[in-house]
2 protein chains.
Amino acid sequence: MENLFRAHIEKVIALTDDEFKHVMSHFSLMNFKRRDFLIREGARVHYAFWVVSGLLKLDYADATGKQHVVAFAMEDWWEGDYYAFFNQRPATMSLQALENTQVLCMTLQDYNNLCRNLPKMTYFFLQKANRGHISSQQRILELISTNAKERYDKLLNRYPILFQRVPHTLIASYLGVTRETLSRLTAP
Amino acid sequence: MENLFRAHIEKVIALTDDEFKHVMSHFSLMNFKRRDFLIREGARVHYAFWVVSGLLKLDYADATGKQHVVAFAMEDWWEGDYYAFFNQRPATMSLQALENTQVLCMTLQDYNNLCRNLPKMTYFFLQKANRGHISSQQRILELISTNAKERYDKLLNRYPILFQRVPHTLIASYLGVTRETLSRLTAP
DNA sequence: AAATAATTGTGAGATTTGTCACGAAAAGTA
DNA sequence: TACTTTTCGTGACAAATCTCACAATTATTT
């Protein structure tokens with residue numbers, strides 16, 4: 001596991017053994033079972049997460065109680081309620097395990113200390129944040145410029161594995177349509 | 001203008017006069033007239049921009065030639081085709097002035113040099129990237145969980161000034177609906 | 001001021017998507 | 001295995017949104 005995480009970081013910056021050890025000291029390993037919540041809407045947000053193994057969904061319940069999937073997170077992905085995490089506000093979304101999931105987690109304090117003590121890591125997080133921002137913007141583009149079928153095809157093409165690991169109801173929610181619509185899109 | 005930019009940065013990190021001078025040496029001031037393109041889809045992307053005055057729209061032309069507004073940028077906002085900028089790829093979107101606009105612009109090389117020479121600025125950019133990521137995610141949430149009317153109301157409430165400066169056709173595009181639909185939403 | 005271009009509103013009808021309801025199938029649990 | 005829960009597909013109808021067309025208005029340019 002540590003090797004995976006180190007490889008993940010070293011895709012962006014090089015680290016000595018000592019530096020990696022120092023990085024690791026800011027994280028703790030946690031295990032969650034299927035259906036466990038890592039973050040509950042309204043509760044305090046203690047951590048940002050890096051997924052070691054398993055699968056998470058980030059979602060939001062609207063005024064009418066409907067759930068909307070904002071994101072999935074698989075192995076090697078970062079996830080969290082970043083608004084709440086960085087601003088130390090109650091969670092605006094919930095983060096839930098769809099499979100038994102192991103994560104590395106980091107508090108805001110650890111994040112800040114890490115950036116301060118090992119400036120390279122600031123650059124690492126900057127890269128991650130930029131990538132995240134870019135892919136969010138591409139998703140926005142998709143949502144405003146394509147119909148449900150096109151979004152479905154693109155997601156299937158990009159993350160085929162997701163369709164085997166996640167109920168289609170949640171895929172539909174992620175795509176911004178109802179499960180019935182998605183079902184009809186895929187049938188004919 | 002320099003004062004505005006300094007204030008903008010100092011909302012996140014403190015700078016000495018010399019440090020700010022050093023920061024400024026990585027930017028150049030440019031002026032664009034209404035309808036000018038700062039970035040043309042397919043062309044090389046030389047800069048990321050900070051808007052001094054004026055108004056920009058970032059948009060994307062789909063396969064059928066339809067334009068889709070991904071973002072607007074007003075005074076004190078950063079904008080650019082970040083995917084193309086950071087990966088040094090041809091522009092995926094175009095950035096166009098909707099009013100005569102003055103910007104500070106920065107090359108990728110200047111960005112990297114600045115991060116290297118003044119680590120505080122890495123932290124500044126990290127903050128900006130995180131905010132950008134968060135607000136993109138909130139927009140995604142809005143797109144998948146609310147209808148056109150709700151999105152319209154929210155935008156009007158948040159950026160009323162936009163409705164006086166931007167044709168409603170473009171607002172509609174930003175909201176992911178046609179101008180006819182938007183027109184009917186606002187009429188009754 | 002006149003000419004041109006851009007913006008806006010609205011009707012009519014097609015298309016997409018949502019809602020509600022039901023049952024079958026599959027997966028998870030005891 | 002038996003029981004329960006979750007997932008999935010589909011019909012029927014309602015609602016939202018899109019497309020195309022045209023005219024009126026407003027801005028911009030000459």
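Looking only at the range A:32-64, count how many residues are closer than 17 Å to A:LEU170 by Cβ and of a type outside the set (A, V, I, L, M, F, W, C). Qualifying residue count, the range A:32-64: 9.
Filtered by the rule that a residue be assigned to a loop (DSSP other than H, G, I, E, B) and either of a type in the set (D, E, K, R) or over 23 Å from A:GLU142 (Cβ atoms) (or both), the range B:160-182 gives B:PRO160, B:ILE161, B:PRO167. Of all the criteria given as (1) free of Cβ contacts under 8 Å to residues at least 40 places away in the same chain; (2) within 16 Å of DNA strand C (Cβ to nearest atom), the one not satisfied by A:LEU98 is (1).
Among the residues making up the range B:86-128, those that are more than 24 Å from B:THR16 (Cβ to Cβ) and within 14 Å of chain A (Cβ to nearest Cβ) are B:PHE86, B:ASN87, B:GLN88, B:ARG89, B:ALA91, B:THR92, B:MET93, B:SER94, B:LEU95, B:LEU108.
State the number of residues belonging to the range A:130-170 that are touching a residue at least 24 places away in the same chain (Cβ under 8 Å), more than 12 Å from DNA strand C (Cβ to nearest atom) and of a type in the set (A, V, I, L, M, F, W, C). Summing the residues that are touching a residue at least 24 places away in the same chain (Cβ under 8 Å), more than 12 Å from DNA strand C (Cβ to nearest atom) and of a type in the set (A, V, I, L, M, F, W, C) in the range A:130-170 gives 3. Taking the range A:85-95 as the range and being within 16 Å of the chain's Cα centre (by Cα) and without any contact (Cβ under 8 Å) to a residue 40 or more places away in the chain as the test, only A:PHE86 passes.
If you go through the range B:29-46 one residue at a time, do you hit one that is more than 19 Å from B:TYR123 (Cα to Cα), of a type outside the set (S, T, N, Q) and in contact with a helix residue (DSSP H, G or I) (Cβ under 6 Å, 6 or more places away or on another chain)? Walk me through it before giving the result.
Our first condition is that a residue be more than 19 Å from B:TYR123 (Cα to Cα); within the range B:29-46, this holds for B:29-46.
Imposing the further condition that a residue be of a type outside the set (S, T, N, Q) reduces the set to B:29-30, B:32-46.
Filter once more, keeping what is in contact with a helix residue (DSSP H, G or I) (Cβ under 6 Å, 6 or more places away or on another chain): B:45.
Checked the range B:29-46: at least one residue is more than 19 Å from B:TYR123 (Cα to Cα), of a type outside the set (S, T, N, Q) and in contact with a helix residue (DSSP H, G or I) (Cβ under 6 Å, 6 or more places away or on another chain).
One line per residue, one yes/no per condition, for (1) touching a His at 6+ places or on another chain (Cβ under 7 Å); (2) within 14 Å of B:PHE49 (Cα to Cα):
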position	(1), (2)
B:MET74	no, yes
B:TYR82	yes, yes
B:ARG131	no, no
B:ARG139	no, no
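In this structure, is B:ALA148 within 13 Å of chain A (Cβ to nearest Cβ), in contact with a Ser or Thr (Cβ under 7 Å, 6 or more places away or on another chain) and surrounded by fewer than 19 Cβ atoms within 10 Å (Cβ to Cβ)? Judged against the criteria, B:ALA148 is a match. Report yes if B:ASN31 is within 16 Å of DNA strand C (Cβ to nearest atom) and farther than 30 Å from B:LEU143 by Cα, otherwise no. Spelling it out, it is not the case that B:ASN31 is within 16 Å of DNA strand C (Cβ to nearest atom) and farther than 30 Å from B:LEU143 by Cα. Looking across the range A:52-76 at every residue that is away from chain B (no Cβ under 11 Å) and surrounded by fewer than 16 Cβ atoms within 10 Å (Cβ to Cβ), the one that is modelled with the lowest pLDDT is identified as A:GLY65.
The values are calculated or read from the model by the stated rules, or taken from the named source; none is laboratory data. Predicted model only: the values in this text are computed from it and were never measured. Using ideal geometry, Cβ is built from the backbone for each residue, glycine included, and neighbour counts are taken over all protein chains shown.
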